[in-house]
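So the structure is just underneath, and the comments pick up after that.
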Amino acid sequence: MTNLEYIKEMLLLQQKLNDETNGIGWENGYTKNDRIINWKRCIYMESAELIDSFAWKHWKDINGPIDWENAVIEIVDIWHFVLSMVLEDGKINRGKGIDRLARDITDVKGFERFTKEPDNIENATPAEIINDVEKILHETTGFNVDIYDSLLKNYFSLSLKCGVNLKILYKYYIAKNVLNKFRQDHGYKEGTYKKVWNGKEDNIIMLEILDKKIMGADKLYDELETAYSKV
């Protein structure tokens, strides 16, 4: 696959997931249940959860280890909502389809670097990463968001520092997209879904399945189904 194809496929999958979850026309800012959609809020809330992957508190666990596993999950969660914002903006404000939006993303400054090897997390500086996360927080808590020249640029830089490049993002995005669909199919919106499976959060179960080199969407869904049936 080319870099453009990676981006296009993720946009297509996000469109499908949003259509199924929120209803056709979600780009107008409301779900099929008339709930307001705020992608900026989704991004800054996930960004705050990303900060919790690091020992940022000066009064507690100051030498605590970095939870890189959770950091990757949060990076992927943020990406779901960034893609959603791109899709919404593309339809409402730009009149652009997915093919053009994919090209716009690949044209962002920093994207080419994002396709290369990620940074070595062993050399990571937590304070620097947290500062980068807060750039995204600041961008998404204001009235206007510069999606291409600022948000995406900062997101790509942040991801690399967390050990995630395009191919790694794609791998985990596909898996989390399947998990999100699984959640919706099993009562997530209604509040009946069980997120903790025999003492482990479903995100961790998903990562354990990926460690078995199971990558196909259908196969991953089946593996989740099997694991959930034992809860």
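One table, with the values for the structure above:
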item: When each of Lys16/Lys91; Lys176/Lys212; Lys167/Lys219; Lys109/Lys153; Lys8/Lys171 is checked by Cα-Cα distance, pairs over 18 Å; result: Lys167/Lys219
item: Cα shape, segment 1-122, gyration tensor, a/c 1.5 rule; result: oblate
item: Using a Förster distance of 35 Å, the FRET efficiency for Thr31-Trp68 (Cβ separation, nearest 0.05); result: 0.60
item: Protection-proxy order for peptides 132-140, 191-199, each taking the mean of Cβ atoms within 10 Å per residue, highest first; result: 132-140, 191-199
item: For Tyr30, distant residues with modelled amide H under 5 Å away; result: Ile37
item: Kirkwood hydrodynamic radius of segment 67-136, from inverse mean 1/r over distinct Cα pairs, in Å; result: 14.2
item: Relative contact order of the chain, defined on C-alpha pairs under 8 angstrom at six or more residues apart (%); result: 22
item: Förster radius 22 Å - calculated FRET efficiency between Lys16 and Glu190, Cβ distance, rounded to 0.05; result: 0.60
item: Alpha carbon centroid spacing (whole Å) that separates segment 126-190 from segment 13-50; result: 14
item: Those aspartates and glutamates that a straight Cα-Cα span of less than 19 Å connects to Lys200, excepting residues fewer than 8 apart in one chain; result: Glu49, Asp52, Asp67, Glu69, Glu74, Asp77, Glu208, Asp211, Asp222, Glu223, Glu225
item: Per-peptide average of other Cβ atoms within 10 Å, ordering 43-50, 223-230 highest first; result: 43-50, 223-230
item: Distance between modelled label sites at Lys109 and Lys213, nm, 7 Å Cα→Cβ extension; result: 4.2
item: At R0 = 25 Å, FRET efficiency that the Cβ-Cβ distance of Glu5 and Ile130 yields, to 0.05; result: 0.15
item: Cβ crowding within 10 Å averaged over residues, with 168-174, 112-118, 83-89 ranked highest first; result: 83-89, 168-174, 112-118
item: Glu49 versus Thr141: modelled label distance in nm, points set 7 Å from Cα along the beta carbon direction; result: 1.8
item: J(HN,Hα) series, segment 159-166, from Karplus relation 6.51 cos²θ - 1.76 cosθ + 1.60, nearest Hz, glycine and proline x; result: 4, 4, 5, 9, x, 10, 10, 4
item: Counted charge near Val145, where neighbours are those whose Cβ lies closer than 13 Å (Asp, Glu -1; Lys, Arg +1); result: -1
item: Prolate/oblate/rounded call for the chain, Cα gyration tensor, a/c under 1.5 rounded; result: rounded
item: Shape of segment 1-47, Cα gyration tensor, a/c cut at 1.5; result: oblate
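No lab work stands behind these numbers, since they all come straight from the coordinates. Every value quoted in this text rests on a predicted model; they were computed, and no experiment measured them. Positions of Cβ are backbone-derived with ideal geometry, glycine not excepted, and every protein chain shown enters the neighbour counts.
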